[in-house]
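The values are calculated or read from the model by the stated rules, or taken from the named source; none is laboratory data. Predicted, not measured: the structure shown is a model, and the values here were computed from it. Positions of Cβ are backbone-derived with ideal geometry, glycine not excepted, and every protein chain shown enters the neighbour counts. Keep in mind that these areas ignore ligands, DNA and RNA; they rest on the heavy atoms of the full protein, side chains included. Shrake-Rupley method; radii C 1.70, N 1.55, O 1.52, S 1.80 Å.
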Amino acid sequence: MKSFNRSLLALACCSSTLASAQTTSLETVQVTASRYAQTADQALASVSVITRDDIEQSQALTVKELLVKQAGISVTNSGGRGKSSSVFVRGAASDQLLVLVDGVRVGSATLGSFSFEEVNLAQVERIEIVRGPRSSLYGSDAAGGVIQIFTRRGEGELTVGLSASVGSDSTRAGTINLSGGDDNAWFNANLSREITNGFDATSNGAAPDDDGYKTNGVELRAGFQATENVELGAFYTLTDSENQYDGYSADTTEIITRVVGVNADVQLTDYWDLQATLGRSTDDNKDYAGSTFDSQFKTTRDTLTVQNNIQLGENVLTLGGDIQRDQVRTTTAYDKDSRFNRGLFAQYLLMSGQNDFQFSLRHDRNESFGNHNTGSVAWGYQWNDVLRTYVSYGTAFSAPSFNDLYYAGDYSYGNPDLSPEKSKNLELGLQAEFDALTLSAAIYETRYKNLITWVDQGGWVYSPENTEKARIRGVELTAGYTLADWVLTGNLTFLDTENQSGDNKGNDLQRRPSRIANVSVDRQFGSFSLGADLHAENRRFNNASNTVRLGGFATTDLRLGYAVSKSLSVRAKLSNVFDKEYETVSGYNQPDRQFLLTVAYQPK
């Protein structure tokens with residue numbers, strides 16, 4: 001807690017100019033918030049965009065390293081690189097977060113969430129984050145927010161890029177990238193590999209050993225302008241990993257994730273644009289005890305989305321639909337092994353003078369849980385050239401995962417009587433952009449009905465139950481400031497969660513910190529670049545009964561870069577400089593002080 005208090009003091013000293021790591025310019029274009037291309041200041045929601053330049057400047061190896069620096073986001077991890085992680089957006093759990101890769105829905109149907117640890121950053125061009133419910137546009141998975149990952153797209157002359165990294169825990173990583181294209185055709189091909197010996201994942205000291213991780217990645221993307229009005233594209237990503245951990249019956253998992261998709265964008269008339277995306281994502285996990293096969297969990301998600309954007313003067317009407325089929329193949333018997341969902345959605349973006357409105361409505365027909373209607377309405381007002389405010393209200397629902405319903409194991413089991421989660425969200429936001437200063441703030445409240453929580457049934461046996469009522473309130477402050485050659489960014493999040501029914505009434509929801517702070521400082525000195533990041537979180541409770549408390553912590557990272565030439569650069573990063581020991585999941589270690597050195601060649 002002392003570390004967290006010192007971090008808040010450091011943030012307060014810069015409060016007039018700071019409040020968000022990775023601040024997004026209000027002129028940055030994003031498409032995820034409304035399924036339609038808008039700048040950040042047009043979106044009636046809290047959005048962030050992480051670009052390829054941001055990724056390279058951060059020197060991050062994982063998506064988790066990027067997400068924890070974003071306002072309103074916390075990440076839990078069970079023992080280091082490749083280990084199970086959960087992403088909480090404004091306190092909403094991972095199974096309430098929709099993740100898209102180039103418009104294709106991804107994730108495990110058994111877990112109900114996406115494994116961010118299997119994303120190789122070498123494949124990523126940009127990441128868009130939308131906080132708050134988007135069920136009225138995307139359906140069940142988007143009750144807490146949406147994160148969309150865009151893979152790299154080639155442009156310009158044919159070029160070959162290379163990078164190599166070495167670091168602590170015998171970490172070695174390398175990438176090869178081949179790309180090129182023009183307005184008529186483009187392609188990108190990327191190969192990557194990473195190996196680390198890791199560290200002991202568990203903190204109980206019962207069987208100390210290094211729990212390593214290795215992964216190979218492939219990304220292919222291509223597209224062409226078939227006619228003046230027709231653009232076609234296709235992409236394929238593959239991640240093949242091996243993860244070592246400390247388990248009860250198994251200690252190694254082989255993980256293969258694949259995403260394949262094709263898309264078309266057809267300009268039917270001057271005012272009517274038709275978009276279609278067909279995709280399949282596969283998540284295949286095989287567990288081993290030593291070299292002996294133990295179990296397999298494989299899920300396949302097939303999706304088709306068709307969307308029409310109709311321009312009505314300055315306004316836009318969007319009409320569309322999607323279908324989704326989830327299939328499960330496991331060595332553990334499930335009462336049901338497939339599920340089908342159909343969704344229809346409509347949205348109207350209305351612009352009138354200084355006012356912007358967004359109306360959206362969606363109907364889902366779920367094979368297991370019947371019909372669900374969700375909707376949202378938002379209003380934005382541009383006070384002047386600097387200041388804009390918005391207010392929004394939305395409803396959402398989230399269907400239980402296959403594990404929630406049907407899993408049967410030695411230490412946990414599903415509950416087929418679960419009901420879908422339902423929620424209502426109200427948000428008030430403010431955005432301001434001056435010459436050198438960008439500010440934003442959001443206040444929100446989400447009320448849940450039938451929130452699904454895994455509860456200790458005694459003897460370390462867990463099972464999910466519906467919590468009749470729960471509530472999350474939050475405040476996010478974000479900003480970025482440029483002074484001479486100094487770039488200062490940061491964020492501050494206040495989160496108040498409460499279980500409002502049952503045996504745990506009055507308790508905090510588990511594993512959600514109530515305070516999060518981030519500060520980043522960057523400076524360019526000719527060919528040299530310097531940067532520092534501060535990340536701090538206060539205490540949280542590991543369980544729903546709030547009997548296991550995890551302490552607050554603060555970590556500091558330092559970054560150094562040197563451009564040898566326009567194409568060749570050398571980068572170094574020192575993470576957790578002060579070697580802070582902390583846990584985000586009880587019983588699991590987090591990395592100590594880490595060093596990473598990278599040499600990259602990318603023709604400009």
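Name the strands (runs of 3 or more DSSP E) wholly within the range 320-402 that hold at least 1 residues that are among the aliphatic types (A, V, I, L, M) and open to solvent by less than 70 Å² (accessible area, probe 1.4 Å)?
338-352, 370-382, 387-398
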Over the range 104-119, the set of residues among the polar types (S, T, N, Q) and either at positive phi or open to solvent by 20 Å² or more (accessible area, probe 1.4 Å) (or both) is 113, 115
Those residues of the range 408-436 which are of a type in the set (A, V, I, L, M, F, W, C), surrounded by 17 or more Cβ atoms within 10 Å (Cβ to Cβ) and either more than 28 Å from residue 548 (Cα to Cα) or at pLDDT 95 or above (or both) amount to 432
With the first residue restricted to the range 259-288 and required to be closer than 30 Å to residue 329 by Cα, and the second required to be open to solvent by 50 Å² or more (accessible area, probe 1.4 Å) and among the acidic types (Asp, Glu), Cβ contacts under 7 Å at 6 or more apart or on different chains are 286/254; 287/294; 288/294
**Prompt:** Yes or no: residue 489 hydroxyl-bearing (Ser, Thr, Tyr), open to solvent by 10 Å² or more (accessible area, probe 1.4 Å) and under 21 Å from the mean Cα position of the chain (by Cα)?
**Reply:** yes
Among strands (runs of 3 or more DSSP E) entirely within the range 151-207, at least 1 residues that are acidic (Asp, Glu) and surrounded by 17 or more Cβ atoms within 10 Å (Cβ to Cβ) occur in 185-199
The residue that is most open to solvent (accessible area, probe 1.4 Å), considering only those in the range 558-571 that are under 19 Å from residue 173 (Cβ atoms) and among the small types (Gly, Ala, Ser), is 569
- Query: If you check residue 249 against the conditions, is it in contact with a strand residue (DSSP E or B) (Cβ under 9 Å, 6 or more places away or on another chain) and at pLDDT below 95?
  - Reply: yes
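Is it true that some residue in the range 132-144 is touching a residue at least 12 places away in the same chain (Cβ under 8 Å), farther than 24 Å from residue 163 by Cβ and under 10 Å from the mean Cα position of the chain (by Cα)?
Pass one, the range 132-144, residues touching a residue at least 12 places away in the same chain (Cβ under 8 Å): 132-144.
Narrowing further to those that are farther than 24 Å from residue 163 by Cβ: 132-144.
Pick out the ones that are also under 10 Å from the mean Cα position of the chain (by Cα) and you get none.
No, the range 132-144 contains no residue that is touching a residue at least 12 places away in the same chain (Cβ under 8 Å), farther than 24 Å from residue 163 by Cβ and under 10 Å from the mean Cα position of the chain (by Cα).
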Checked pairs for the range 289-313, first more than 12 Å from residue 250 (Cβ to Cβ), second in a loop (DSSP other than H, G, I, E, B) and of a type outside the set (Ser, Thr, Tyr), C-beta under 6 Å and 6 or more apart or across chains, list as 299/109
Cβ pairs under 9 Å, 6+ apart or interchain, first in the range 495-512 and farther than 18 Å from residue 131 by Cβ and open to solvent by less than 40 Å² (accessible area, probe 1.4 Å), second charged (D, E, K, R) and in a loop (DSSP other than H, G, I, E, B), ordered by first then second residue, are 499/505; 499/508
> Does the range 546-557 contain at least one residue that is under 23 Å from residue 60 (Cβ atoms), open to solvent by 30 Å² or more (accessible area, probe 1.4 Å) and either out of contact with any Ser or Thr (no Cβ under 8 Å at 6 or more places or on another chain) or of a type in the set (Gly, Ala, Ser) (or both)?
Replying inline: yes
Expected output for the range 88-102 (first residue closer than 20 Å to residue 404 by Cα and acidic (Asp, Glu), partner open to solvent by 10 Å² or more (accessible area, probe 1.4 Å) and modelled with pLDDT under 95, Cβ below 7 Å, 6+ apart or cross-chain) is 95/112; 95/113
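Taking the range 65-112 as the region of interest, how many residues are in a loop (DSSP other than H, G, I, E, B) and among the aliphatic types (A, V, I, L, M)?
At the first step, the residues of the range 65-112 found to be in a loop (DSSP other than H, G, I, E, B) are 68-72, 78-84, 90-91, 93, 102-103, 107-112.
When the remaining residues are screened for being among the aliphatic types (A, V, I, L, M), the result is 68, 71, 93, 109, 111.
Final tally of qualifying residues: 5.
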Please work out if residue 410 is closer than 24 Å to residue 337 by Cα, part of a loop (DSSP other than H, G, I, E, B) and of a type in the set (Asp, Glu). yes
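Give 189, 234 a once-over and let me know the one that is modelled with pLDDT of 95 or more, more than 18 Å from residue 52 (Cα to Cα), in contact with a strand residue (DSSP E or B) (Cβ under 7 Å, 6 or more places away or on another chain) and not basic (Lys, Arg).
234
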Practice item. Within the range 266-276, identify whether any single residue is at pLDDT 95 or above and small (Gly, Ala, Ser), and answer yes or no. Key: yes
Filter the range 137-150 for residues that are modelled with pLDDT of 95 or more and touching a Phe, Trp or Tyr at 6+ places or on another chain (Cβ under 7 Å); the one that is surrounded by the fewest Cβ atoms within 10 Å (Cβ to Cβ) is 146
Scanning the range 355-402 residue by residue, those more than 14 Å from residue 44 (Cα to Cα) and of a type in the set (Lys, Arg) turn out to be 362, 365
Counting only residues that are open to solvent by 40 Å² or more (accessible area, probe 1.4 Å), of a type outside the set (Lys, Arg) and in a strand (DSSP E or B), the range 242-281 contains a total of 13
Condition met for residue 93 (modelled with pLDDT of 90 or more, open to solvent by 20 Å² or more (accessible area, probe 1.4 Å) and small (Gly, Ala, Ser)): yes
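Quick grid of which residues meet (1) in contact (Cβ under 8 Å) with a residue 24 or more places away in the chain; (2) within 23 Å of the chain's Cα centre (by Cα); (3) under 24 Å from residue 412 (Cα atoms):
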site	(1), (2), (3)
210	yes, no, no
218	yes, yes, no
225	yes, no, no
243	yes, yes, yes
250	yes, no, yes
256	yes, yes, no
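Just to be sure before I move on: is residue 524 surrounded by fewer than 22 Cβ atoms within 10 Å (Cβ to Cβ), of a type outside the set (A, V, I, L, M, F, W, C) and closer than 24 Å to residue 572 by Cα in the structure I sent? Break it down into steps so the answer makes sense when it comes.
On the way: surrounded by fewer than 22 Cβ atoms within 10 Å (Cβ to Cβ): yes; of a type outside the set (A, V, I, L, M, F, W, C): yes; closer than 24 Å to residue 572 by Cα: yes.
Here the answer is yes, as residue 524 does meet what is asked.
If I filter the range 572-584 for residues that are part of a loop (DSSP other than H, G, I, E, B), open to solvent by 20 Å² or more (accessible area, probe 1.4 Å) and within 20 Å of residue 92 (Cβ to Cβ), do I get at least one hit? Quick ask: steps written out before the conclusion?
As a first pass, look at the range 572-584 and keep what is part of a loop (DSSP other than H, G, I, E, B): 576-584.
Still in the running and open to solvent by 20 Å² or more (accessible area, probe 1.4 Å): 577-583.
Subset that is within 20 Å of residue 92 (Cβ to Cβ): none.
No, the conditions are met nowhere in the range 572-584.
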Worksheet item: Do we have any residue at all in the range 557-577 that's at pLDDT 95 or above and closer than 30 Å to residue 456 by Cα?
Response: no
